[in-house]
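Scroll down for the structure; my scribbles are underneath it.
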Amino acid sequence: MSNIFTFFRIYPKEYYYAKTTNHETTILKVPAKGDFTSSIEFLECKYEVPKSQLNIISTFRNKKTGKTIQFRNECRFSHGQFNGTPEAKMYIVRNTPLTELYDPL
């Protein structure tokens with residue numbers, strides 16, 4: 001679970017994340033470690049095997065807003081099946097921002 005905390009930038013105390021652009025200002029509340037499971041829910045983990053790589057798809061949901069975010073981890077060899085260096089890359093599916101998991105103020 002500590003890797004999930006690190007990935008989502010969850011710390012022992014809650015904090016606020018603010019972002020300003022030319023079009024909007026966003027302020028989000030990021031939960032503390034103790035409140036993580038009451039705010040963010042792990043929904044599922046599934047896999048796909050297209051061609052010569054393994055895709056692991058993980059889905060999380062903000063319990064308060066109902067918004068979800070999916071991550072796709074692609075595990076493969078750099079030059080085809082069992083050829084080259086093993087590598088893994090992570091993508092956010094549908095370009096959903098990571099901030100969807102935090103609570104807007």
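The values are calculated or read from the model by the stated rules, or taken from the named source; none is laboratory data. In this text the structure is predicted, and so the values were computed from the model without any measurement. Because the Cβ atoms are built from the backbone with ideal geometry, glycine has one as well, and the counts that use them run over all protein chains shown.
Numbers at a glance
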{"quantity": "Test result for residue 77, surrounded by 13 or more Cβ atoms within 10 Å (Cβ to Cβ) and touching a residue at least 60 places away in the same chain (Cβ under 8 Å)", "calculated": "no"}
{"quantity": "Filter pass, residue 4 being part of a loop (DSSP other than H, G, I, E, B) and modelled with pLDDT under 95", "calculated": "no"}
{"quantity": "Selection from the stretch 74-105 of residues that are assigned to a loop (DSSP other than H, G, I, E, B) and of a type outside the set (Gly, Ala, Ser)", "calculated": "79, 81, 82, 83, 85, 96, 97, 102, 105"}
{"quantity": "Some residue of the stretch 15-22 being surrounded by 10 or more Cβ atoms within 10 Å (Cβ to Cβ) and more than 21 Å from residue 104 (Cα to Cα)", "calculated": "no"}
{"quantity": "Matching entry among 36, 42, 71 (being part of a strand (DSSP E or B) and surrounded by 13 or more Cβ atoms within 10 Å (Cβ to Cβ))", "calculated": "71"}
{"quantity": "Counted residues, the stretch 9-31 - those being in contact with a Pro (Cβ under 9 Å, 6 or more places away or on another chain) and part of a loop (DSSP other than H, G, I, E, B)", "calculated": "2"}
{"quantity": "Top-ranked residue in the stretch 23-49 [being under 18 Å from the mean Cα position of the chain (by Cα) and hydrophobic (A, V, I, L, M, F, W, C); ranked as nearest to residue 104 (Cα to Cα)]", "calculated": "28"}
{"quantity": "The stretch 45-64 - residue that is within 17 Å of residue 97 (Cα to Cα) and of a type in the set (Ser, Thr, Tyr) and, of those, surrounded by the most Cβ atoms within 10 Å (Cβ to Cβ)", "calculated": "58"}
{"quantity": "Verdict on residue 59 being within 26 Å of residue 11 (Cβ to Cβ), hydroxyl-bearing (Ser, Thr, Tyr) and assigned to a strand (DSSP E or B)", "calculated": "yes"}
{"quantity": "Residues of the stretch 85-105 that turn out to be free of Cβ contacts under 8 Å to residues at least 12 places away in the same chain and either surrounded by 13 or more Cβ atoms within 10 Å (Cβ to Cβ) or closer than 21 Å to residue 48 by Cβ (or both), as a count", "calculated": "2"}
{"quantity": "One residue from 40, 10, 56 being modelled with pLDDT of 95 or more and of a type in the set (A, V, I, L, M)", "calculated": "56"}
